Amino acid sequence: ESFALSLDEAMTMPRSLRGLFAMLFVEIFGAALTIPVFTYFCIAELKLTATYVGLIMSMFSAAQLFGAPVVGRLSDAWGRRNALLGCFCWTSVCFLATAGVKTFSGLLIVRTFAGLSGGSIPITQAMIMDVTTQEERPSVLGVMGGLLGVAFTLGPGTIVLVLSMWDLERRWVFVAASLFALVGCIVGYFVLEETLPERKRRPICTAGEDSKDCKTVVEDIWDCCTPSLMCIWVGRFCSSFANLCLFSTYAFLIRDAFGWGDRELGMVLASGGIIGALIQLLLYPRMSKAMGKHTVYGFGAALVTMYFIALPIATLDQRSIQFHLCLKVLFISGTAIMDPGIPDLVAYHAPEDRMGLVQGMTNGFRALASVAAPLVAGRAFDISPYFVYCMAAMAAAVSGVCVACATLFDTRRGLEAGVAGRLACMGEKLAGTLERGETKLLLKK
């Protein structure tokens, strides 16, 4: 019954999102092809250590930290469609360039340029917010998460199958990813509809010809920095930091503990994608409606925290594959709840005329974590894996606390209004209770 309801929700979503999801699936599938092989491409063909791999990931994310808010702000002014198509073209070119690199410095430059597009996910999330209501967003984000989960399942699964059947050079995987991004762009050119009408766009200059009235991206960002959004953004940073501590070291962990390579990593990612897709499609929308957006996110953060606490015990101390895989289900469940929760929470607290900028800022905080986490985790892993996952556990726990703190503030009015509003509400409830008590006493007399 739940599955049938989810399918009904997917079929009744706004028409403009169907073309968006089609092209996004194609692009993400191509990008997912590279996930199992990227680290091993760095290790086997470029002879890089965990520290250098972490530096490459950090530079990619540092570029996203700059690119995501800028591209998001441009989409608020000029529309989402052109911004997203541009991101797809840029991704295609950068994947093709990655296939040709032969040195550490070359890969570092290419991946840095790749990050300047800011990524396609923030613009996609802004397009969803443009055409859905607060009540519809958990279901649509769940469908999107399920779709991405399928793409992240089929991508690594396809590469595992190909590598098992043929001795394929890893560089060709990046060529294939480039082609899929290009196909996604072509598909989008014909089917993607604009979701932000001109009357709702926010010009780069807000008041005509006077340059003094032109707001920069930095000024617009400052206007959006309400206490509740800051809590969400810090929570996003902490959750991304925790996840990327695992992502940047996981290949080394399973190699050292179990002797696994890119084939086994691809199998883990593929199976994890199936579980995550089902949770996001079937469970997240209903949990969000029943428990509330903030509570559901906190529950997911608790699951991830427990995973990181137990991970080194299962993997390094006991060397138990079964225990390790069971814990992996715990991690996948937590992240499957947290991932759609962040854009949903941001849309709940953000001003609607700056949705592209705010979603880009959210991705910027993820990118900031992506700068710090691989550098710190790569170096720390070379010293002691236990320290890495202890940091990740603390970061996941702090993420849940930060999102809980966002409920204390009113996004539209700031800190004083949020606290004062809650105190006033509590005062009104207390006064009402006392008044009812006095009425009952009078009636008894």
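The values are calculated or read from the model by the stated rules, or taken from the named source; none is laboratory data. The structure presented is a predicted model; accordingly, all values stated were derived computationally and were not measured. Heads up, the Cβs are rebuilt from the backbone with ideal geometry, glycines too, and the neighbour counts pull from every protein chain shown. Just so you know, the surface numbers come from the protein's heavy atoms only, side chains and all, with ligands and any DNA or RNA stripped out. Shrake-Rupley method; radii C 1.70, N 1.55, O 1.52, S 1.80 Å.
Filtering segment 324-354 to residues that are under 22 Å from residue 149 (Cβ atoms) and open to solvent by 30 Å² or more (accessible area, probe 1.4 Å) leaves 325, 326, 329, 330, 339. Of the residues making up segment 143-179, those that are of a type outside the set (Gly, Ala, Ser) and open to solvent by less than 70 Å² (accessible area, probe 1.4 Å) number 18.
Would it be correct to say that residue 270 is more than 14 Å from the chain's Cα centre (by Cα), surrounded by fewer than 24 Cβ atoms within 10 Å (Cβ to Cβ), within 19 Å of residue 145 (Cα to Cα) and of a type in the set (A, V, I, L, M, F, W, C)? Before the answer, list the steps.
On the way: more than 14 Å from the chain's Cα centre (by Cα): yes; surrounded by fewer than 24 Cβ atoms within 10 Å (Cβ to Cβ): yes; within 19 Å of residue 145 (Cα to Cα): yes; of a type in the set (A, V, I, L, M, F, W, C): yes.
Criteria met by residue 270.
Listed by first and then second residue, the pairs with beta-carbon distance under 8 Å, at least 6 apart or on different chains, first residue in segment 248-277 and farther than 16 Å from residue 154 by Cβ, second among the acidic types (Asp, Glu) and open to solvent by 10 Å² or more (accessible area, probe 1.4 Å), are 251/262; 254/264; 258/264. For the criterion of being farther than 28 Å from residue 118 by Cβ, in contact (Cβ under 8 Å) with a residue 60 or more places away in the chain, among the aliphatic types (A, V, I, L, M) and open to solvent by 40 Å² or more (accessible area, probe 1.4 Å), residue 321 passes.
Quick check on my filter: what residues within segment 340-385 are free of Cβ contacts under 8 Å to residues at least 40 places away in the same chain and not in a helix (DSSP H, G or I)? Listed by number, the list holds a single entry, 384.
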